[in-house]
1. Suppose we filter A:Phe24, A:Phe44 for residues that are under 28 Å from B:Pro83 (Cβ atoms), touching a residue at least 24 places away in the same chain (Cβ under 8 Å) and part of a strand (DSSP E or B); which single one remains?
2. Can you confirm whether region A:25-46 contains a residue that is away from chain B (no Cβ under 14 Å), in contact with a strand residue (DSSP E or B) (Cβ under 9 Å, 6 or more places away or on another chain) and among the charged types (D, E, K, R)?
3. From the set of residues in region B:199-209 that are in contact with a Lys or Arg (Cβ under 9 Å, 6 or more places away or on another chain) and more than 24 Å from B:Lys146 (Cα to Cα), which is surrounded by the most Cβ atoms within 10 Å (Cβ to Cβ)?
4. Here are some residues: B:Asp127, B:Asp136, B:Asp115. Which one is within 14 Å of chain A (Cβ to nearest Cβ), more than 15 Å from B:Leu59 (Cβ to Cβ) and surrounded by fewer than 21 Cβ atoms within 10 Å (Cβ to Cβ)?
5. Please go through (1) within 23 Å of B:Thr177 (Cα to Cα); (2) part of a loop (DSSP other than H, G, I, E, B) for B:Asp84 and return the number of the only condition it doesn't satisfy.
6. Within region B:69-123, track down each residue that is of a type in the set (D, E, K, R) and within 23 Å of B:Met192 (Cα to Cα).
7. Just to verify a result, which residue in region A:47-90, among those that are among the aliphatic types (A, V, I, L, M) and within 12 Å of another protein chain (Cβ to nearest Cβ), is surrounded by the most Cβ atoms within 10 Å (Cβ to Cβ)?
8. For the subset of region B:212-241 comprising residues that are closer than 17 Å to B:Leu337 by Cα and out of contact with any Ser or Thr (no Cβ under 8 Å at 6 or more places or on another chain), which member is surrounded by the fewest Cβ atoms within 10 Å (Cβ to Cβ)?
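The values are calculated or read from the model by the stated rules, or taken from the named source; none is laboratory data. For clarity, every value in this text was computed on a predicted model and none was experimentally measured. FYI the Cβ positions are ideal-geometry reconstructions off the backbone, even for glycines, and counts take in every protein chain you see.
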Amino acid sequence: MPVQYNILDKGFKNIRQNGQITGFQVAVRDAYYRGIYLPIIDSFEVTIDGQTFAGDQVKCKFRDNIYTQKDLQNHPNERWQWLEPCTLMVAKPGGLKPGFHDVKVVVKERISYMPVIPAVRTFTAKLALVA
Amino acid sequence: MEMTRKAFIQTLAGAAAAASIPISSASESTPAPAAATKMKLGATVYSYGADIRSGSMTLEDCIADIADMGGEGIEILGEAHVPDYPNPSEKWVAQWFGWMEKYKVKPSGYDTFVDSMFYSNRMLTTDEAAERLAVDFKLANRLGFKALRQQWPPYPADNKADEINAPYVKSKQAMETIMKALPAAEKYDVRMGIELHSPTQLKSGFVDSILEVIAKTKTKHFGFCPDFSAFVRRPQRRTLAGLVQQGARKNIIDYIASAYEQRLGPEKTVAEVKKMGGNEIELRYAGIAGVYHLSNNDPKDLAPLVPYVYHVHAKFYEITDALREYSIPYEEILPVLDKGGYTGYLSSEYEGPREDHTTSAAIRAHHAMCRSILGITA
């Protein structure tokens, strides 16, 4: 696959809680040329090996803070800083098997000056999950 | 010539000693502008986005590169280039000024945005928008900036018919935001240069509404930042090539390009392309108002605005081997600014194919072009 900078290898792993695998996480960097305040994010959607997760199934982590997508509206002074990762935490009991997975992330943002609102960006990558 | 080893070493020492004597008081001959113009050259770090993203350049590397090509002004986006925006550490701010000193450059312009569609369920009020701008003004001041590339706040147009030029429209809420932000601009000693970016029409109610306010208030903190995308004579070559790759036919694309050059307008162009049997891609391109059809302003129309210009986005896409911008008539635009008395920065803003390791060469060609047009020889 061609070099891409948006879906990161680092951070791609299953999520373990109380000894169970409850989901998986994948980190993304935006393709926009500046960072944005959290409420400007309209939505994240993750498709893994053809299965799509959206809304309450996908939480987002910026630095040390985890938010539901709806809750982003309530944090008008927190940011997705430029070139920093957002870790998407997807609820999927059992998580993913070790090995290659096709990942697609669709990010929608309300960029006020653009002719199309929201701006929609789609990132794809083939990632390798270790555990 | 044969010589003893001792003699050979002595010649090397002699050569080294001679080389260490400086040939001038300047350590390296970096081109400095002569008195041909009072305008100054610089660049916006925005141009280097691909290089920074890939990790091949840091912010400091970009500053060093701009200085190395003889640029004097550094433009940044607070929301991209300042770590922990809007509150960088004192240590970082000290380092910023250290870079200005080390590379002998100055902060030229700071870019602000107004995210009117901040929330999913409502727009920012003009009070909220002005408060957020004040945060940027404070940071710009903290970093030594005096001029801003200020985005015209994207609020609905007063006249629906103007929406084709959105967001560069006469708008009560946009103007209200600016007026509410004006006291903060004065307090933090920054000048809001409203960016005149495509699809701005220079002869419009939008620009007139700004001139009216400037005339009425005599403010020195609100004016313009022309972006040369507003003077595109013909589409970029790579745009047309890309369309052909996507399935557009060359004859139709060539027609659309000529319609643009003649300022035919989107409705007439779409009608004509329909007659020609245009496919989806061709029709869509024919109809793009905005960053295309309505951005062919006459550089002469910039003249009345120059007294209120605080910063300039010297936008460019492709510099030809003849050192001209393929789409934008720099040789017509730069004299308007110069003769109009503009003494600020021409900030190179590269929007060609920004790929890693290609930006520096592009900006250098741009500077070479500007220098040749302005008669800067040193």
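1. When all the criteria are applied, what remains is A:Phe44.
2. Step one: list which residues in region A:25-46 are away from chain B (no Cβ under 14 Å), which gives A:25-27, A:45-46.
Next, from what is left, pick out any that are in contact with a strand residue (DSSP E or B) (Cβ under 9 Å, 6 or more places away or on another chain): A:25-27, A:45-46.
Filter once more, keeping what is among the charged types (D, E, K, R): A:45.
Yes, because at least one residue in region A:25-46 is away from chain B (no Cβ under 14 Å), in contact with a strand residue (DSSP E or B) (Cβ under 9 Å, 6 or more places away or on another chain) and among the charged types (D, E, K, R).
3. Here the residue is B:Phe206.
4. Values: B:Asp136 fails: surrounded by fewer than 21 Cβ atoms within 10 Å (Cβ to Cβ); B:Asp115 fails: surrounded by fewer than 21 Cβ atoms within 10 Å (Cβ to Cβ).
One residue alone meets the criteria, B:Asp127.
5. Against the list (1) within 23 Å of B:Thr177 (Cα to Cα); (2) part of a loop (DSSP other than H, G, I, E, B), B:Asp84 comes up short only on (1).
6. Restricting attention to region B:69-123, the residues satisfying the condition of being of a type in the set (D, E, K, R) are B:72, B:75, B:79, B:84, B:90-91, B:101-102, B:104, B:106, B:111, B:115, B:122.
Of everything in region B:69-123, those that are of a type in the set (D, E, K, R) and within 23 Å of B:Met192 (Cα to Cα) turn out to be B:Glu72, B:Glu75, B:Glu79, B:Lys106, B:Asp111, B:Asp115.
7. We begin by selecting, within region A:47-90, every residue among the aliphatic types (A, V, I, L, M); these are A:48, A:54, A:58, A:66, A:72, A:83, A:88-90.
Retained after the next criterion (residues that are within 12 Å of another protein chain (Cβ to nearest Cβ)): A:72, A:83.
Values: A:Leu72: 23, A:Leu83: 16.
If we take residues in region A:47-90 being among the aliphatic types (A, V, I, L, M) and within 12 Å of another protein chain (Cβ to nearest Cβ), then A:Leu72 is surrounded by the most Cβ atoms within 10 Å (Cβ to Cβ).
8. B:Gly223
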